[in-house]
Amino acid sequence: MRKAWIHALVLVSVAGLAACSPGGGGPSPSSSATSSPSATPSPDTETTVPAPSPPPASAPATSGPGKGDAELAIMVKPSESEAALNYTLVCKGGVPTAESSHPSAAAACTALKDNPAALSPAPRSTDQACTQQYGGPQEATVTGIVDGSPVDSSFARRDGCEIGLWNAAKDILGSAGGVS
């Protein structure tokens, strides 16, 4: 009796494995899934088409070179107890004008021409994970116009995501931004 029970268990196991292996006698896709290439297969049907890639989580709205024209007011607060530093940055064609009071105006204008979206990062996704690290007390605000588009951005260094955005804009924020 015991041998018969073990033999039945082995047969059931083999039949279950055969159903799971490709072409092994398992259930075949429904005729509606195979009759038309544009038909949507049922959730249980295996497909050979890969799923589409998800869109990038934090891709800027536009990237790549811009015109390099900007009129910006930049305020950097190094710490809670220190006074804010205020700069004016005016660029024409990626070159600073005499109106600029930015400490590294040439580098800032070049950075804006290379990536005008650095000051307009995409909104943080609600499911985006950020490292919980503190980068410092620095805060910055940038307002104005870059290549004809309004800019009103704030930067801080409270977690890994904010540190990444700060580092992407560090040349524009100036040498007093707390990042070397």
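The values are calculated or read from the model by the stated rules, or taken from the named source; none is laboratory data. Just so it is clear, the structure is predicted and the values come from calculations on it, not from any experiment. As a convention, Cβ positions derive from the backbone with ideal geometry for all residues, glycine included, and neighbour counts pool all protein chains shown. We work out accessible area using only protein heavy atoms, side chains counted, and drop any ligands, DNA or RNA first. Shrake-Rupley method; radii C 1.70, N 1.55, O 1.52, S 1.80 Å.
For residue 135, the stated conditions hold: it is assigned to a loop (DSSP other than H, G, I, E, B) and open to solvent by less than 70 Å² (accessible area, probe 1.4 Å).
Annotation note: Cβ proximity below 7 Å between a residue of the stretch 158-173 that is closer than 21 Å to residue 71 by Cβ and a residue that is of a type outside the set (A, V, I, L, M, F, W, C) and open to solvent by less than 20 Å² (accessible area, probe 1.4 Å) (sequence gap 6+ or interchain) occurs for 170/177. Any chance the stretch 150-157 includes a residue that's at pLDDT 90 or above, in a strand (DSSP E or B), among the polar types (S, T, N, Q) and open to solvent by less than 30 Å² (accessible area, probe 1.4 Å)? Yes, the stretch 150-157 has at least one match.
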